[in-house]
Amino acid sequence: MQTPSFKIAVIPGDGIGKEVTAEAIKTIEAVGKKFGRSFELEHLPWSADYFLQTGVTIPSNGYDMLRGFDAVFIGALGDPRVPDNRHARDILLGTRFELDLFVNYRPVKLLHERLCPLKGRGPRDINFVVFRENTEGVYVGIGGRFKAGTDDEVTTQEEINTYRGVHRIIRYAFDFAKARGLSKVCMADKSNAMTHGHALWQRVFKEVAPQYPSIEATHYYIDALAMYMVLDPAQFQVIVTNNLFGDIITDLAATFQGGLGMAASGNIHPGRTSMFEPVHGSAPKFAGKNIANPIGAISSAALMLETLGLGEEARAIDAAVLDAVNAGQGTPDIGGNLGTREIGGAIAEKILSSEF
């Protein structure tokens, strides 16, 4: 029987995105060799460079083109030469909206206690996931500016919440917990102040939670959640929240695991083409210096393979990353002395040479 080939679109993007993507690709190719998998990687040039050269952020058929792939992998987007970052908005946010990638999946897993800034916390204390609603909220771009640039300027930015959108992300969180034998789901909102939109989150959570009697359903207001994440992160297994709040608390959570360079994410619609990316930005000032941490990108590649049904391959990447971190191998931001290319190569070699 012929081994199926997986077709993956690769958008390295801007700044350090190009560098960390190259290292993630090394690990994908390594598991391909290790497990006899075939990956067809198509690099797309969409980036600030592409926009500045062509005036095009994403081609008119770009979103339809992406739907033709099994998955999309993005490095990072953002460039000071494009002050409004329109290319990043169209490529990244546009893909989330156009492909209806309603699940933003961000695992928070500490690999070694020396990476955590919280006193006395270790890997057993920090191992949870955050599900952020990815297609609604304040990021939909509904609003406007009146008398812009004057002392009389007035602006509006509307938050959109729909029953369908809230229901499917909350149910996804409970289904995820149930499938993995987890026992806790926490929902965060600000319904005490945002009494209209977040009343819907309250209603749906109370409707869905009783359908999962083996799972403890808890609720925190988002400010309290941020506090308890710092004070007692071990209490959390699955957190579900809206677009804006999820964006903020996952950056906070990334510090628990060693910083943004360690954080992975997926933008998922179950059964459809999904998109994977490290959490960090393009960091132009670090580009070309071989110091960017590629582990977030490498771990995002593992999430991608897991979502494609390649669980053993994903676990091999995760095990190689853990082995490297435990051995003190890494870039300077996590206390190592290796460059971007060197740690990526070391992890790929671990995949090829070790038994996991």
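The values are calculated or read from the model by the stated rules, or taken from the named source; none is laboratory data. Keep in mind the model is a prediction, meaning the values are calculated, not measured. FYI the Cβ positions are ideal-geometry reconstructions off the backbone, even for glycines, and counts take in every protein chain you see. The protein model used for the area step is the full one, side chains on, heavy atoms only, and it has no ligands, DNA or RNA in it. Shrake-Rupley method; radii C 1.70, N 1.55, O 1.52, S 1.80 Å.
Side notes on the structure shown:
- For the stretch 97-109, the condition holds for no residue, the condition being that it is of a type in the set (A, V, I, L, M), without any contact (Cβ under 8 Å) to a residue 60 or more places away in the chain, within 26 Å of residue 280 (Cα to Cα) and surrounded by 15 or more Cβ atoms within 10 Å (Cβ to Cβ).
- Residue 210, sole failed condition from (1) outside any loop (DSSP other than H, G, I, E, B); (2) of a type outside the set (S, T, N, Q); (3) in contact (Cβ under 8 Å) with a residue 24 or more places away in the chain; (4) out of contact with any Leu (no Cβ under 7 Å at 6 or more places or on another chain): (3)
- Only a single item in (1) surrounded by 19 or more Cβ atoms within 10 Å (Cβ to Cβ); (2) within 23 Å of residue 5 (Cβ to Cβ) is not met by residue 312, and it is number (1).
- Test: residue in the stretch 194-206 that is more than 17 Å from residue 132 (Cβ to Cβ), crowded, with 17+ Cβ neighbours inside 10 Å and at pLDDT 95 or above: no
- Close pairs (8 angstrom Cβ cut-off, 6 or more residues apart or separate chains): under 11 Å from residue 71 (Cβ atoms) in the stretch 301-317, open to solvent by 40 Å² or more (accessible area, probe 1.4 Å) and part of a helix (DSSP H, G or I) anywhere: 310/35
- Complete set of residues in the stretch 115-150 that are farther than 28 Å from residue 183 by Cα and either in contact (Cβ under 8 Å) with a residue 60 or more places away in the chain or in a strand (DSSP E or B) (or both): 138, 139, 143, 144, 145, 146
- Cβ pairs under 8 Å, 6+ apart, first in the stretch 3-15 and at positive phi, second open to solvent by 20 Å² or more (accessible area, probe 1.4 Å): 13/77; 15/79; 15/281; 15/283; 15/284; 15/286; 15/287
- Meets criteria (under 23 Å from the mean Cα position of the chain (by Cα) and open to solvent by 20 Å² or more (accessible area, probe 1.4 Å)) for residue 73: no
- Filter pass, residue 284 being touching a strand residue (DSSP E or B) at 6+ places or on another chain (Cβ under 8 Å) and open to solvent by 40 Å² or more (accessible area, probe 1.4 Å): no
- Residue within the stretch 27-38 that is part of a loop (DSSP other than H, G, I, E, B) and free of Cβ contacts under 8 Å to residues at least 40 places away in the same chain present: yes
- Some residue of the stretch 60-67 being touching a helix residue (DSSP H, G or I) at 6+ places or on another chain (Cβ under 8 Å), over 20 Å from residue 300 (Cβ atoms) and not small (Gly, Ala, Ser): yes
- Residue pairs meeting the criteria (Cβ under 8 Å; at least 6 apart or on separate chains; first closer than 19 Å to residue 271 by Cβ, in the stretch 60-81; second among the acidic types (Asp, Glu) and surrounded by 22 or more Cβ atoms within 10 Å (Cβ to Cβ)): 73/277
- Of all the numbered requirements in (1) open to solvent by 20 Å² or more (accessible area, probe 1.4 Å); (2) among the small types (Gly, Ala, Ser); (3) without any contact (Cβ under 8 Å) to a residue 60 or more places away in the chain, residue 22 misses one, and that requirement is (3).
- Residue count for the stretch 328-356 under the criterion of being open to solvent by 50 Å² or more (accessible area, probe 1.4 Å) and closer than 23 Å to residue 280 by Cβ: the result is 7.
- Selection of first residues in the stretch 170-189 that are over 13 Å from residue 103 (Cα atoms) and of second residues that are among the polar types (S, T, N, Q) and open to solvent by less than 10 Å² (accessible area, probe 1.4 Å), restricted to Cβ pairs under 8 Å at least 6 apart or on distinct chains, gives the following pairs, ordered by first then second residue: 187/241; 188/241; 189/241; 189/242.
- Of the strands (runs of 3 or more DSSP E) entirely within the stretch 233-292, those holding at least 3 residues that are farther than 22 Å from residue 98 by Cβ occupy 238-241.
- Filter result for the condition that a residue is part of a strand (DSSP E or B) and at pLDDT 95 or above, over 108, 56: 108
- Residue match in the stretch 274-289 (condition: within 25 Å of residue 104 (Cβ to Cβ) and of a type in the set (Lys, Arg)): no
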